[in-house]
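Just so you know, all these numbers are worked out from the coordinates, no wet-lab data involved. Model, not experiment: these values are computed from the prediction. Cβ placement follows ideal geometry from the backbone for every residue including glycine, while neighbour counts extend to all protein chains displayed.
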Amino acid sequence: MPYGDSEAVPDRIRPPVAIKILIAGGFGVGKTTLVSAVSEVRPLRTEETMSEPSALVDQLDGVELKSTTTVAMDFGRIAISEDLVVYLFGTPGQKRFWFMWDELAYGALGAVVMADTRRLADCFPSVDYFERRGMPFVVAVNCFDDARRYPRDTMRAALNLTPDVPLVLCDARQRGSSRDVLVALVEHAVTRLDGGRHATSAI
Amino acid sequence: MTPRRDGGSRDSRGPVVRPYAVTSGRTRPSGAAIDMVAVVSAIRSASVAGLELEQEHSLGPEHLRVLQSCRGPVAVADLAVDLDLPLGVVRILVADLREHGLVNVRQPTPSGLADIGTLKEVADALRRL
């Protein structure tokens, strides 16, 4: 490897630590709202190479059927201290951007899966994804004003959540509420690291 | 950290130079993958003024902008915002600089952050937000 932890950052006592948290969920569920409520939002865009659908049948030898597309990402930053920063990344919801997820998920502390009770199924793919990956996640039900309220157990059952996965209610517009979601995630990650996984079967 | 101009003022016609022009058309970084929160820092001896002539020739102005911006450790995503360049482009530029031995790239720990102390610090700090 041409890089790694080395002496190249000698000016600090501890190298800066960047913590990545993903904010996932269906389109319009409030990912952008949550990121804006709780962090300093920065305009991040990425250019992704996409293969064209192969409907173009002509054999164009040597011509790559590729184009780039601009993806604007929800990106927020919470500076905990000079050398400890939490980064929030809203995962692009549309199916065609799913190829970006593995990369987004790499090294992440965990994820917040946002849910809207009116369109609960929209968050199923995200729940599936983080379950499969074994990444800590919490489900944050964004309580829209006009959405029906359901008992927690009903929502857990509808999502088929394992008992250890926290489900929290939030109002993504409220800073305090969004902050509590992040705290719940970090605490969940700590519990899992602490060996809290053993507690799962006890419930 | 100076805030960038607000996003709304971005020219709707898009950039004048196609994004991958500054990477000579390459869309993938060389070498090992670079995470979006990997921390990049210029290696102490690497200053734009001190570049070898040969290095200077193979590097473009955007490389030099990146090099200047990472004199202190900075995350790749922040570099992209600071320089108003797409993330993918910044990764390629950083990989080039790494190949030239001009920057150090620290990847995040693969399984998240396996350090409970740091996580507790984060949780406490978030509670105070």
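Observations, loosely collected:
- The simple Förster model, with R0 at 30 Å and r as the Cβ-Cβ distance, assigns B:R71 and B:A32 a FRET efficiency of 0.85.
- Residue mean of other protein chain beta carbons inside 10 Å, A:176-186: 3
- Across peptide A:139-148, the mean count of Cβ atoms from other chains lying within 10 Å of each residue's own Cβ comes to 0.
- Neighbouring partner chain Cβ atoms per residue of B:93-105, average, 10 Å criterion: 2
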